[in-house]
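Before any comments, here is the structure.
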Amino acid sequence: MYVQNYEFKKICDTLLGLAITGNKYLQEREPWKLKETDPDEARDVIHNALWLSRAIAILGEPVFPFHAYEVYRQLGLDGNSYSLDEALRAVNIGRKLTKPRPLFNQLSEERLQELEATLSRRISMASGNSS
């Protein structure tokens, strides 16, 4: 298992891949438009997106527990940890959801440049360069 081997980058890359797939699914299916033409299909799309969100939170809990618990809260779940089997079970229909909030703040271009500069300095120092 990746967590036991401390392969956090692989874990994060896998979770990001799942999130990108889910976002692409939503963008392509456009449930905000489907609700006007095919409400049942719109509900199915939202259900699947919520299911994937919960699965990502369960799978990612060892890496980002506070974000996972926030997803659970927004999905109307208690703050407990969930088993991997739970990630494969469909989300219960009819559960009251809280108003969604972003889990991560978007970085400004200026902040991104600052972080890249810090990372470059740290890599340089770790490599033995003292610039």
Index of the failed condition, THR98 passing every other in (1) of a type in the set (Val, Ile, Thr); (2) over 16 Å from the mean Cα position of the chain (by Cα); (3) modelled with pLDDT of 90 or more: (3)
Being of a type in the set (Asp, Glu) and over 30 Å from ASN129 (Cα atoms) is true for just one of GLU109, GLU114, GLU28. Which residue is that? GLU28
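Find the residue count for the stretch 46-67, including only residues that are among the charged types (D, E, K, R) and over 21 Å from ASN92 (Cβ atoms).
Looking only at that region, the number is 0.
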Tally, over the stretch 20-53, of residues that are surrounded by 14 or more Cβ atoms within 10 Å (Cβ to Cβ), under 19 Å from the mean Cα position of the chain (by Cα) and hydrophobic (A, V, I, L, M, F, W, C): 7
Which condition number in (1) without any contact (Cβ under 8 Å) to a residue 40 or more places away in the chain; (2) loosely packed, with under 15 Cβ neighbours inside 10 Å; (3) touching a helix residue (DSSP H, G or I) at 6+ places or on another chain (Cβ under 7 Å) is the one that ALA90 fails? (1)
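Name every residue in the stretch 5-19 that is in a loop (DSSP other than H, G, I, E, B) and surrounded by 12 or more Cβ atoms within 10 Å (Cβ to Cβ), in order of residue number.
Looking only at the stretch 5-19, we keep the residues that are in a loop (DSSP other than H, G, I, E, B), and these are 5-7.
The one that is in a loop (DSSP other than H, G, I, E, B) and surrounded by 12 or more Cβ atoms within 10 Å (Cβ to Cβ): GLU7.
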Looking at (1) within 24 Å of GLU7 (Cβ to Cβ); (2) hydrophobic (A, V, I, L, M, F, W, C); (3) surrounded by fewer than 12 Cβ atoms within 10 Å (Cβ to Cβ), can you tell me which one ILE56 breaks? (3)
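Which helices (runs of 4 or more DSSP H) does the stretch 22-131 wholly contain that include 1 or more residues that are in contact with an Asp or Glu (Cβ under 7 Å, 6 or more places away or on another chain) and closer than 23 Å to ILE11 by Cβ? Talk me through it step by step, then tell me what you get.
Values: elements: 31-37, 39-60, 65-74, 84-88, 109-126.
Helices (runs of 4 or more DSSP H) meeting the threshold: 39-60, 65-74.
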Scanning for something closer than 24 Å to LYS99 by Cβ and of a type in the set (Val, Ile, Thr), does the stretch 4-12 turn up at least one residue? no
Which one of these does LYS24 not meet: (1) free of Cβ contacts under 8 Å to residues at least 24 places away in the same chain; (2) within 17 Å of PRO100 (Cβ to Cβ); (3) not polar (S, T, N, Q)? (2)
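Kindly establish whether SER81 is of a type outside the set (Lys, Arg) and surrounded by 14 or more Cβ atoms within 10 Å (Cβ to Cβ).
Here the answer is no, as SER81 does not meet what is asked.
The values are calculated or read from the model by the stated rules, or taken from the named source; none is laboratory data. Note that the coordinates shown come from a computational prediction; the quantities given were computed from them, not determined experimentally. When we count neighbours, we look across all protein chains shown, and the Cβ atoms used for this are built from the backbone with ideal geometry, even at glycine.
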